[in-house]
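What follows is calculated from the coordinates using simple rules that are stated; it is not laboratory data. In this text, all values refer to a predicted model and were calculated from it rather than measured experimentally. For neighbour counting, all protein chains shown are included, and Cβ atoms are generated from backbone atoms with ideal geometry for every residue, glycine included.
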Amino acid sequence: MRQILPDEHKIFELLQALHKGISPKFERCAGVTPTRFRLLQELYTASEISQISLQKLLDIDAAAVTRHLRGLEENGMITRRNNPADNRVTLVTLTAHGREHIDAYRENKTQFIGDLLAGFNEQERTELAEMLTRLQHNINVL
């Protein structure tokens, strides 16, 4: 069995703390959860998309996508309707109200990322992105 070094434990604990801390801080800054932001981004680029396609794009379960879409619908950000060709399929569209808000959310996200990476130079940001990509790859193959 491979021995785990103290720094490796620290890296794991820091990654867990980052995961736990980023979402609520992003939501306070941007005014929307990271998942709902991603949903809105996908809808912004698509004129209309099925709820199942959104679920697959975001890699979240059906109940979670339904919950997020319900909240966005209640806020007037999206509309949902049954596909006339197949009533089993729900189609989702970003409303004009949603389109108005996405630009502000993008600006808030940019500000949040800038604050998060404050003190990192361009080379460090590139190296961090490469290391995180390798970590993501390792998680995907586990």
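What ³J(HN,Hα) values, in whole Hz, does the Karplus curve 6.51 cos²θ - 1.76 cosθ + 1.60 give for segment 130-135 when θ = phi - 60°, with x put for Gly and Pro?
Working through the residues one at a time gives 5, 5, 5, 5, 5, 4 Hz.
I want the local charge near Asn87. Using Cβ-Cβ distances under 13 Å, sum +1 for each Lys or Arg and -1 for each Asp or Glu among the other residues. Don't jump to the answer; show the numbers that get you there.
Details: positive: Arg80, Arg81, Arg88; negative: Asp86.
Result for the local shell: +2.
Zone of Ala46 (label point 7 Å along Cα→Cβ, backbone N under 12 Å): which residues in segment 85-124?
The answer is 90-94.
Which of Met77, Met1, Met131 comes first, and how do the rest follow, when ranked by fewest Cβ neighbours within 10 Å?
Met1, Met131, Met77
Taking amide H positions as placed in the peptide plane 1.01 Å from N, state which residues far from Ser50 in sequence (5 or more) or on other chains have amide H under 5 Å from it.
Residues meeting the amide H criterion: Val92.
With a sphere of radius 15 Å drawn around the Cβ of Ile60, what net charge do the other residues whose Cβ falls strictly inside it have (Lys, Arg +1; Asp, Glu -1)?
Values: positive: Arg36, Arg38, Lys56, Arg67, Arg70; negative: Glu42, Asp59, Asp61.
Charge balance near Ile60 sits at +2.
Can you give the local net charge around Phe37? Use residues other than it whose beta-carbon is closer than 11 angstrom to its beta-carbon, Lys and Arg +1, Asp and Glu -1. Mind showing how you got there, number by number?
On the way: positive: Arg36, Arg38, Arg106, Lys109; negative: Glu27, Glu42.
Its environment carries a net charge of +2.
Taking R0 as 25 Å, what's the FRET efficiency between Asp59 and Gln3 from their Cβ-Cβ distance, rounded to 0.05? Working shown, then result.
Numbers: r = 33 Å, r/R0 = 1.34.
Once the sixth-power term is evaluated, E becomes 0.15.
With +1 assigned to the C-beta of every Lys and Arg and -1 to the C-beta of every Asp and Glu, and no other charges, what is the dipole magnitude of segment 6-141 about the Cα centre in debye, to the nearest 20?
On the way: 17 positive and 19 negative charges, 108 e Å.
The dipole of segment 6-141 has a size of about 520 debye.
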